[in-house]
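Note sheet for the following structure.
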Amino acid sequence: MIVSNINSLSSYLPELMILVMILVTFLYESIKSYRKYVFPLLCFGMISVSLLLYFSSPSQFRIFEGMLVNDSLSIFLKWVIIISTFSIILISKNDNSILKDIKNEYYAMLLIILLGMFAMVSATNLLMVYLAIEMVSIPSYIISGISKDDKESNEAALKYVIFGSFASGIMLFGLSFIYGLTGSTDIYFIADSLSQTDNQLLLYTSMIFVLVGFGYKISMVPFHYWTPDVYQGAPITVTAFLSVAPKAAGFAIMIRFFYSIFVIDGSPSVDWPNIIAIFSALTMTIGNILALKQNNIKRLLAYSSISHVGFMLIALSIVSIDSITSILFYLVFYMFMNLSAFFVAIYMSNEYDANNIEDWNGIGLKVPFISIFMVLSLASLAGLPPTSGFIGKVYVLRNLFSESQFLWLGIIAIINTVISLYYYFKIVKSMYFIENESLEIKEADRVLTIIIVLFSSQNILFYFYWSSLWDYLKNLIINMNLI
Amino acid sequence: MESWILTLLIFLPIMGVLVMCVVSMSNLSQNKDFYKYIALFTTGIQLILSGFLYLNFDPTKSVLDSPFTVQLDWISSFNIQYYIGVDGLSMPMVLLSALLSFLCIGISWSITKNVFGYFALFLLLDAGMMGVFLSLDFFLFYIFWEVMLLPMYFLIGMWGGPQRHYAAIKFFLYTLFGSVFMLLGMLALFYYAPDGNTFNLIALIEQAPRIEASLWGFDMRFLIWIALFIGFAIKVPVFPFHTWLPLAHVEAPTAISVILAGVLLKMGTYGLLRISYPLLPGEVVNFAYILAFLGIVNILWGATCAIAQIDLKKMVAYSSVSHMGYVLLGMASIVATEPAGAEAGLNGAVMQMFNHGTITAMLFMLVGVLYDQAHHRWIVFPDDYKDKELAGKLAFGGIASQMPIFNGFIILAFFAGLGLPALSGFISEALCFIGGFSAFRVLTIIGTLGILLNAIYFLRAYQRIFQGPFNEKYKDLKDMTKKDLAIILPLAFLTLLFGVYPQPLMNIISSSLTDLINIVQKAI
């Protein structure tokens, strides 16, 4: 059912709250004596957004004349997005890599991205899809170049702009093909008319063009080239932010796009699973192999995030309820493990100026408490039991058995697991095995420590909620009638 | 009490770690010995508990009827159970790991670097070992199997020898490579189980042979067997996957070498016997010849490599490769047409797992005693030794008179290693050969060469180190201390006892193994 604009506002409250926060941030920024209030107001605002999100109930109603939908998938992913964004905002307060005088603008950019991601996870119209992706991309370009005096940061922003606009141009081209084939931009109407199209060539072309845009957003190989440079150049908090939330939003949009448009009666109408499977194998393998030689922590984690995207794509290549559920399941675990690894990296970078692997030498023995959490996060990223990364891997791999034509992907995936262990534990090796007497122990940053403990302990504590999370997610997907 | 004992065996070490964490935050952490006592106490209780388990263990009862078995739902949406139990196959392994863990705390008493970390990791490793041997749910088994990797990586990498970084990561990557294949095999078993998805190893015994599926033109059961075999073979280690072993054993600190050779290697063969054998008997029959062949290669390859070593610890490490070959040969002979042959072979294999655990523990411990005093363990100095004068010369010589007690024990350990009658190694190796002979005549005859090769390197090493003219450089060497004696006496006692009277060990294992033989023989 399609809801008119004015009636939609009531189910758009979290987004409206973000909008208010953006305006307040800009307003307070312009008045010098008010600037110090921005951060407390932001925290208050984020909490109220979370509360509004908590009280908003999922529905299949299509708000704003069919532009957005507030279903359970989008609400769940909004949680993932808001948790990661909120933690990034908290951490940015003490981050020295972002200059003090532009910090409020940086917060405003984060909020605009947040709004864009909220739109991304709930967009049901091709125009809205494009708009949302651009709304995330443009502020992302700005924040990756936010360290004005840092050449690498400027370079990162420029590369990001060029690559991003190129990719979204191709995507727009693909979207226009779909519009031309069907005469509609509403993804629910498109599905019906597309099934009557006999122009396979145009259908495949449009799908692959759109995939370029999505692939760039989630950094799928071969559209990943921006990722390492941007991750390395951008301030580390921005890198941490870019590595999780936009990817979650990108996956949401991919699930919605492929399952609504190209799945008819539970089976794919176009052979996209095979294409995704090939991209998945490429993404995992290339991400991992390129990570092996990296020396910069940010760059290493960038490649590692590419390989994790490849891993999640495994599940996307199989059309079933379990596989979508396992993507969401993995995303939750991925958020915790990747962010906690990044947070420790931020901690070490702020306090010990440790940006390359050799700078981490001996940190494990000098800063034992925080270091244990790094080991935990890295073990989880590598997928070793008893961490959540392992359970996520098992659930993703389990899908392959229902569609045994893709079992070759499973073998590629597990070999990649072994490769990834090597570079993750290169960090552990320098943390623990190499001694460094010259390291001076410094006062710990309280907020950051608490956030690290909160996020990192999820890698072990998931045992308490794993089962219920899975059941919850599965119910959510079943009720959405995607298939 | 009875239903709690297995859970306690697994989680007691973890409780020990928690106590250590509490201690590390209090004033008591000033005294580093405190951690050692906690570890000693924990493993001591564990040893007493496993002794209690042994006394109350009824080998004739199956796992299902045993009062010790615990079966609880853990993750119901994935049908994972907390299912632990003990039978004749796991009982000796539990005893062995409890005993060696306790003794290894004693061996590691001289650790000074980061005491808290060492003993906490050691206890985690201990919990993982117990968990592997007691799990009857594949998922649980897999988790414990992997839990051991991380502590082992740190124990080798932080407290090991000069090449420890490389050894640690090599060990880690090799084992992980194997276990990820095991993971796929496990999921395939779960997914294709005909009566609903399950990880329950006892239920799968009945279900797994009925799996009907194929992939890429291969039978699914064949593929599962291969996947599981890669996982277990790397741990054993079966030639050609053995190259991690000498490195890891040599670089690890003494206690960790003992655990590696004494317990971890057995997990490979234990896994085959616990999972691959009963679940995929048809594949066992098809693979038996290859398994026996690999066993023979292990025996000969390990022994010839050991002959070539000039580092005493490396020689002992290669002797482990060779000795695990006997286990493989005994295991493969389960397909022998005469039931007596199959029984001898399988009993021999499991006994060899236990006996090799005690013998190799003695060997590594004795090498450690020598190394601690002499600060090297060369039999012959290598040609590129830093001291040009000594390069290529005999390193020791005639120290038998200097260390008479040590000499006595080394004779015992070396002779047990080369399989002298009246010592435990002989009985189990003989049984393995009897089994092997009844099933694979030619192979076994070639394999008996291994006995000769074993004798060569052990005797030659003994001669070069302990006999001949006394090397004056070592006149300050002291004999074994009381602590060393206390550690080695139980092991020496078991070696002697099972050499002349193996019945207690046989009694525990034979009835479970008879069940296993019946399962596999039906598939022929």
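The values are calculated or read from the model by the stated rules, or taken from the named source; none is laboratory data. Since this is a predicted model, take the numbers as computed values, not measurements. With ideal geometry, Cβ positions are generated from the backbone for all residues, glycine too; neighbour counts draw on all protein chains shown.
Observations on the model:
- Residue match in the stretch B:48-63 (condition: of a type in the set (S, T, N, Q), over 19 Å from A:Pro368 (Cβ atoms), surrounded by 13 or more Cβ atoms within 10 Å (Cβ to Cβ) and touching a Ser or Thr at 6+ places or on another chain (Cβ under 6 Å)): no
- Among the criteria (1) assigned to a helix (DSSP H, G or I); (2) more than 10 Å from every other protein chain (Cβ to nearest Cβ), the one B:Gly161 does not fulfil is (1).
- Candidates B:Ser135, B:Ser108, filtered to the one that is in contact with a helix residue (DSSP H, G or I) (Cβ under 6 Å, 6 or more places away or on another chain), more than 14 Å from every other protein chain (Cβ to nearest Cβ) and polar (S, T, N, Q): B:Ser108
- Candidates B:Leu123, B:Leu149, B:Leu140, B:Leu155, filtered to the one that is in contact with a Ser or Thr (Cβ under 7 Å, 6 or more places away or on another chain), more than 9 Å from chain A (Cβ to nearest Cβ) and under 29 Å from B:Leu95 (Cβ atoms): B:Leu123
- Positions within the stretch B:277-314 being modelled with pLDDT under 90, among the polar types (S, T, N, Q) and in a helix (DSSP H, G or I), in sequence order: B:Asn286
- Annotation: of all residues in the stretch A:348-378 being buried (at least 24 other Cβ atoms within 10 Å of the Cβ) and over 28 Å from the mean Cα position of the chain (by Cα), the one that is nearest to the other protein chains (Cβ to nearest Cβ) is A:Gly364.
- Residue pairs meeting the criteria (Cβ under 7 Å; at least 6 apart or on separate chains; first more than 10 Å from B:Ile38 (Cβ to Cβ), in the stretch B:7-26; second modelled with pLDDT under 85): B:Thr7/B:Val70
- Note on the stretch A:139-164: residues that are small (Gly, Ala, Ser) and farther than 16 Å from A:Pro246 by Cβ amount to 3.
- The condition of being farther than 25 Å from A:Ser280 by Cα, in a helix (DSSP H, G or I) and β-branched (Val, Ile, Thr) holds for only one of A:Ile460, A:Ile434, A:Ile477, A:Ile415, that being A:Ile460.
- Residue pairs whose Cβ atoms lie under 6 Å apart, sitting 6 or more positions apart in sequence or on different chains, and linking a residue in the stretch B:143-170 that is over 19 Å from A:Glu435 (Cα atoms) to a partner that is among the β-branched types (Val, Ile, Thr), are B:Phe144/B:Val132; B:Trp145/B:Val132; B:Leu149/B:Thr175.
- Complete set of residues in the stretch B:366-378 that are outside any helix (DSSP H, G or I) and closer than 11 Å to B:Val316 by Cβ: B:Arg377
- Residues of the stretch A:27-66 satisfying the condition of being of a type in the set (Val, Ile, Thr) and under 16 Å from A:Lys93 (Cα atoms): A:Val38
- Count of the stretch A:288-329 residues, restricted to those that are under 30 Å from A:Leu482 (Cβ atoms) and in a helix (DSSP H, G or I), is 22.
- Elements of type helices (runs of 4 or more DSSP H) in the stretch A:37-103, at least 1 residues being crowded, with 18+ Cβ neighbours inside 10 Å and modelled with pLDDT of 90 or more: A:38-55, A:72-92
- Lone qualifier among A:Thr285, A:Thr205, A:Thr197 - being in contact with a helix residue (DSSP H, G or I) (Cβ under 8 Å, 6 or more places away or on another chain), of a type outside the set (A, V, I, L, M), surrounded by fewer than 21 Cβ atoms within 10 Å (Cβ to Cβ) and not in a helix (DSSP H, G or I): A:Thr197
- Within the stretch A:255-277, the set of residues being farther than 16 Å from A:Phe214 by Cβ and either charged (D, E, K, R) or in a helix (DSSP H, G or I) (or both) comprises A:Asp265, A:Asp271, A:Asn274.
- Of residues in the stretch B:167-208 being of a type in the set (S, T, N, Q) and away from chain A (no Cβ under 11 Å), the one surrounded by the fewest Cβ atoms within 10 Å (Cβ to Cβ): B:Gln207
- Residue count, the stretch A:379-394 (criterion: assigned to a helix (DSSP H, G or I), at the interface with another protein chain (Cβ under 10 Å from one of its Cβ atoms) and either over 18 Å from B:Leu124 (Cα atoms) or touching an Asp or Glu at 6+ places or on another chain (Cβ under 9 Å) (or both)): 5
- Looking only at the stretch A:395-437, residues that are under 23 Å from the mean Cα position of the chain (by Cα), more than 30 Å from A:Ile321 (Cβ to Cβ) and either within 8 Å of chain B (Cβ to nearest Cβ) or of a type in the set (Gly, Ala, Ser) (or both) come to 1 in all.
- Helices (runs of 4 or more DSSP H) lying entirely in the stretch B:380-453 (those with 1 or more residues that are of a type in the set (Gly, Ala, Ser) and under 22 Å from B:Met506 (Cβ atoms)): B:404-418, B:424-439
- Answer residue from the stretch B:86-108, given it is polar (S, T, N, Q) and over 13 Å from B:Val132 (Cα atoms) and is modelled with the lowest pLDDT among those: B:Ser108
- When A:Ser219 is tested against (1) part of a helix (DSSP H, G or I); (2) in contact (Cβ under 8 Å) with a residue 12 or more places away in the chain, exactly one condition is not met: (1).
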